[in-house]
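Undergrad: Below is one structure. I have some questions about it.
The values are calculated or read from the model by the stated rules, or taken from the named source; none is laboratory data. Since this is a predicted model, take the numbers as computed values, not measurements. Neighbour counts are summed over all protein chains in view; Cβ atoms, including those assigned to glycine, are modelled from backbone coordinates with ideal geometry. For the accessible areas, the whole protein counts, side chains as well, though only heavy atoms, and no ligand, DNA or RNA atoms are used. Shrake-Rupley method; radii C 1.70, N 1.55, O 1.52, S 1.80 Å.
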Amino acid sequence: MRIADDVQTNAAPGRDTATAARGVARHVAIIMDGNGRWATARGLPRVAGHRAGVQAVRRAIETAVQLGVEWLTLYAFSSENWRRPASEVLDLTGLLRHFLKSEIAELKAQGARLRFIGDRARFDPDIQLDLGHAERDTAGNTKLNLVIALSYGARAEIVAAAQAAVREIAEGRFAADALDETRFEGFLSTAGIPDPDLIIRTSGEQRLSNFLLWQCAYAELVFLDLLWPDFGAEAFAAALAEFARRERRFGARPG
Ligand code: FPP
């Protein structure tokens, strides 16, 4: 059986009909959680969990391509993660540095277009450069839009968007009354990216942890009882199948 066979249509309004016909959430965003617990359970250092987490990232990307998910957003590093012990921050940024050097060719071959959201200015200059290279090198790809959230926090994103909007209003570019939801979205780091249809969080924790708070207003949330390094095609398909069973109402009453 192909992984997608039991995944039914559950379309968001206005979404691409070809994707809807294939019955897959157009935009899946994942809170990758549980690397540390995975390592601890095996008597390994936490970095081993993060390394295994990178393998799971590879599997998630491959599966997204296979299943025809158009947008995949991965929460790789939150703005709060900077508060972890310096050695763990170094491990995580080291893995990111390595990922950017070693994976871009493969991502290009897979047809993935990369985009990063979050405060990239907090990373070392060489990482910032590689983030820009990765975006430029993959800009022509259309098979999968891969968004990686790095040093990302939704509240900071919303405040920055509000500041940018207020600046433009003060400059007389548009009137305060003309600031509606659509215009405001244009100031977010996700401008141009469709809202997630489905948020998956691994590790059994059931919270959003400052992830895409504006964008997931109508997202379906699926919490999986497995740790991120154990995530693979089966878990991805199970989450999509659960998504397909949900009745999405977008605030309306059932017909
Ligand atoms: C949560 O596990 C995971 C993270 C804080 C980092 C996620 C990072 C990766 C999967 C690897 C790097 C990714 C890329 C794209 C290079 P946790 O450490 O909070 O686990 P715990 O809750 O069990 O302690």
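Undergrad: Restricting the search to the stretch 179-191, which residues are assigned to a helix (DSSP H, G or I) and loosely packed, with under 10 Cβ neighbours inside 10 Å? Outline the logic, then answer.
TA: Initial filter on the stretch 179-191 (assigned to a helix (DSSP H, G or I)): 181-185.
Within the stretch 179-191, GLU181, THR182 meet the criteria.
Undergrad: Of everything in the stretch 162-178, what is assigned to a helix (DSSP H, G or I), without any contact (Cβ under 8 Å) to a residue 12 or more places away in the chain and in contact with a helix residue (DSSP H, G or I) (Cβ under 7 Å, 6 or more places away or on another chain)? Give them in sequence order. Lay out the reasoning, then the answer.
TA: In the first step, residues of the stretch 162-178 are kept if they are assigned to a helix (DSSP H, G or I); the result is 162-170, 176-178.
Cutting the leftovers down to without any contact (Cβ under 8 Å) to a residue 12 or more places away in the chain gives us 163, 166-170, 176-178.
Across the stretch 162-178, the qualifying residues are ILE169, ALA176.
Undergrad: I'm checking my understanding of the structure. Among residues of the stretch 219-255 that are at pLDDT 95 or above and assigned to a loop (DSSP other than H, G, I, E, B), which one is nearest to the chain's Cα centre (by Cα)?
TA: Top of the filtered list is ALA219.
Rundown of residues vs (1) touching a strand residue (DSSP E or B) at 6+ places or on another chain (Cβ under 9 Å); (2) within 11 Å of the ligand (Cβ to nearest atom); (3) open to solvent by less than 20 Å² (accessible area, probe 1.4 Å); (4) modelled with pLDDT under 95, yes/no style:
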{"site": "ALA56", "(1), (2), (3), (4)": "no, yes, yes, no"}
{"site": "LEU72", "(1), (2), (3), (4)": "yes, no, yes, no"}
{"site": "PHE77", "(1), (2), (3), (4)": "yes, yes, yes, no"}
{"site": "ASN81", "(1), (2), (3), (4)": "yes, yes, no, no"}
{"site": "GLY94", "(1), (2), (3), (4)": "no, yes, no, no"}
{"site": "ARG115", "(1), (2), (3), (4)": "yes, no, no, no"}
{"site": "GLY118", "(1), (2), (3), (4)": "yes, no, no, no"}
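Undergrad: Just wondering, is there one or more residues in the stretch 62-70 that are in a loop (DSSP other than H, G, I, E, B) and crowded, with 22+ Cβ neighbours inside 10 Å?
TA: The first filter runs over the stretch 62-70 and keeps only residues in a loop (DSSP other than H, G, I, E, B), leaving 68-70.
Pick out the ones that are also crowded, with 22+ Cβ neighbours inside 10 Å and you get 69.
Looking through the stretch 62-70, at least one residue is in a loop (DSSP other than H, G, I, E, B) and crowded, with 22+ Cβ neighbours inside 10 Å.
Undergrad: What number of residues in the stretch 131-161 are open to solvent by 40 Å² or more (accessible area, probe 1.4 Å), assigned to a helix (DSSP H, G or I) and of a type in the set (Gly, Ala, Ser)? Give the derivation first.
TA: So in the stretch 131-161, the residues open to solvent by 40 Å² or more (accessible area, probe 1.4 Å) come out as 133, 135-137, 139-140, 142-143, 155-156, 158-160.
Still in the running and assigned to a helix (DSSP H, G or I): 133, 135-137, 155-156, 158-160.
Okay, now just the ones that are also of a type in the set (Gly, Ala, Ser), so 156, 160.
The qualifying residues number 2.
Undergrad: Looking at this structure, is SER203 in a loop (DSSP other than H, G, I, E, B) and in contact with a strand residue (DSSP E or B) (Cβ under 8 Å, 6 or more places away or on another chain)?
TA: Values: in a loop (DSSP other than H, G, I, E, B): yes; in contact with a strand residue (DSSP E or B) (Cβ under 8 Å, 6 or more places away or on another chain): no.
So SER203 fails the test.
Undergrad: Any residue in the stretch 122-142 that's farther than 14 Å from ALA112 by Cβ and free of Cβ contacts under 8 Å to residues at least 40 places away in the same chain: show its pairings with residues that are surrounded by fewer than 17 Cβ atoms within 10 Å (Cβ to Cβ) and among the small types (Gly, Ala, Ser) at Cβ separation under 9 Å, as long as the two are six or more apart or on different chains.
TA: From residues that are farther than 14 Å from ALA112 by Cβ and free of Cβ contacts under 8 Å to residues at least 40 places away in the same chain, the pairs are GLN128/ALA121.
Undergrad: In the stretch 179-209, what residues are more than 23 Å from VAL166 (Cα to Cα) and within 16 Å of the chain's Cα centre (by Cα)?
TA: Residues of the stretch 179-209 that are more than 23 Å from VAL166 (Cα to Cα), as a first pass: 194-209.
Of everything in the stretch 179-209, those that are more than 23 Å from VAL166 (Cα to Cα) and within 16 Å of the chain's Cα centre (by Cα) turn out to be PRO194, ASP195, PRO196, ASP197, LEU198, ILE199, ILE200, ARG201, THR202, ARG207, LEU208, SER209.
Undergrad: Yes or no: ALA219 closer than 21 Å to TYR75 by Cβ, in contact (Cβ under 8 Å) with a residue 40 or more places away in the chain, surrounded by fewer than 16 Cβ atoms within 10 Å (Cβ to Cβ) and away from the ligand (no atom under 16 Å from the Cβ)?
TA: Numbers: closer than 21 Å to TYR75 by Cβ: yes; in contact (Cβ under 8 Å) with a residue 40 or more places away in the chain: yes; surrounded by fewer than 16 Cβ atoms within 10 Å (Cβ to Cβ): no; away from the ligand (no atom under 16 Å from the Cβ): yes.
No; evaluated as a whole, the condition is false for this residue.
Here's the yes/no breakdown for (1) of a type in the set (Ser, Thr, Tyr); (2) more than 26 Å from PHE187 (Cβ to Cβ):
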{"residue": "VAL47", "(1), (2)": "no, yes"}
{"residue": "GLU70", "(1), (2)": "no, no"}
{"residue": "SER87", "(1), (2)": "yes, yes"}
{"residue": "LYS108", "(1), (2)": "no, yes"}
{"residue": "ARG115", "(1), (2)": "no, no"}
{"residue": "ALA134", "(1), (2)": "no, no"}
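Undergrad: I would also like to ask the following. So is HIS98 in a helix (DSSP H, G or I), open to solvent by 20 Å² or more (accessible area, probe 1.4 Å) and more than 25 Å from TRP228 (Cα to Cα) or not? I'd like the intermediate steps shown before the answer.
TA: Values: in a helix (DSSP H, G or I): yes; open to solvent by 20 Å² or more (accessible area, probe 1.4 Å): yes; more than 25 Å from TRP228 (Cα to Cα): no.
Spelling it out, it is not the case that HIS98 is in a helix (DSSP H, G or I), open to solvent by 20 Å² or more (accessible area, probe 1.4 Å) and more than 25 Å from TRP228 (Cα to Cα).
Undergrad: Can you name the residue in the stretch 14-49 that is of a type outside the set (A, V, I, L, M) and at pLDDT below 95 and is also surrounded by the fewest Cβ atoms within 10 Å (Cβ to Cβ) among such residues?
TA: First, the residues of the stretch 14-49 that are of a type outside the set (A, V, I, L, M): 14-17, 19, 22-23, 26-27, 33-38, 40, 42-43, 45-46, 49.
Cutting the leftovers down to at pLDDT below 95 gives us 14-17, 19, 22-23.
Numbers: GLY14: 7, ARG15: 16, ASP16: 13, THR17: 9, THR19: 20, ARG22: 16, GLY23: 20.
Among them, the one singled out is GLY14.
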